[in-house]
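The values are calculated or read from the model by the stated rules, or taken from the named source; none is laboratory data. Owing to the predicted nature of the structure, the values given are computational and were not obtained by experimental measurement. Counting neighbours? That spans all protein chains shown, and the Cβs are built from the backbone with ideal geometry, glycine included.
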Amino acid sequence: MTTVPVPPPRRTGLGRTGEATHRCLARLQYGYHRDEAAAVARVAQIRRGAGRPVDALPELWGLTGLELLYPDGRVGPTDTAAENAMHTAVTLWSLHQQSHRNSGMHRPDGTGLGFAVRQLMPVDDVDEPLRKRFVRVGAAPVFDVLAQRLREIVVLLHRAAVPLDYGVLADQLYLWQLPGRRAEVTRSWGRGFHAYRPPRTAEAATPGATAPGEPISTGPSPDHDLDRIDSDKDQS
């Protein structure tokens, strides 16, 4: 079996939602690559929630790491947004990771959604059907529709084995739900799409490499304020 780098258990530059998501996926991805029965079965269970609301599948309670959002046991005023974001990111990762035993689809290097999507297209051309799918993500009117449209994109990333930084995505999904922050997130996705440049050499041709100017986060996040407020085997 190919040795897969283990994501570090903690990272800087993420909000609380992104950090909790990263910590959850670091453990799950490690166990999945080691073919640990419990991890493989858990990933298969979680995958059923991809693109579905957090309250649609009570059977996933305790499986998607949401307890990591509450290290001190207290709930804050925007924790519904954090739960929505983390649940969506973790379940989409489980779909993305399916059957990829020798590579990690959570790549903690800042790879953003737009940058990853652009890698699916020809170097000197734009795949118009895919571009329209990506535009639909940016134009999603409500969070549940956004999650469904992201699922369509993740299916394509899965097929091409193009990874994504799900910690960054989780923070962005959190911000997307906050008043006045949605445009900031969609602008970041578009910027990553436009900033992507193909690797110049064969040695640099590593899916998920961070492009110049690709944002690791969308800037200071109110997520940090909550701490002050609250101071398979694959079944395919």
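A few remarks follow.
- Among residues of the stretch 108-124 that are on the phi < 0 side of the Ramachandran plot, those with a Cβ under 7 angstrom from a residue that is β-branched (V, I, T), sequence gap 6+ or separate chain, pair up as D109/T210; T111/T210; G112/V168; A116/V162; V117/I153; Q119/V162; L120/V162.
- Counting only helices (runs of 4 or more DSSP H) that sit completely within the stretch 110-161, those holding 1 or more residues that are surrounded by fewer than 16 Cβ atoms within 10 Å (Cβ to Cβ) and more than 13 Å from the chain's Cα centre (by Cα) correspond to 128-138, 143-160.
- Of all residues in the stretch 93-103, those satisfying the criterion of being surrounded by fewer than 24 Cβ atoms within 10 Å (Cβ to Cβ) and touching a helix residue (DSSP H, G or I) at 6+ places or on another chain (Cβ under 7 Å) are L95, Q98, R101.
For (1) modelled with pLDDT of 50 or more; (2) out of contact with any Phe, Trp or Tyr (no Cβ under 9 Å at 6 or more places or on another chain), each residue gets a yes or a no:
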position: P163; (1), (2): yes, yes
position: G167; (1), (2): yes, yes
position: Y196; (1), (2): yes, no
position: D230; (1), (2): no, no
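- Within the stretch 58-92, tally of residues that are buried (at least 20 other Cβ atoms within 10 Å of the Cβ) and polar (S, T, N, Q): 4
- Answer from V40, V90 - the residue that is out of contact with any Leu (no Cβ under 9 Å at 6 or more places or on another chain), β-branched (V, I, T) and within 23 Å of E152 (Cα to Cα): V40
- Here E36 fulfils each of the conditions (1) surrounded by 13 or more Cβ atoms within 10 Å (Cβ to Cβ); (2) modelled with pLDDT under 95 apart from (2).
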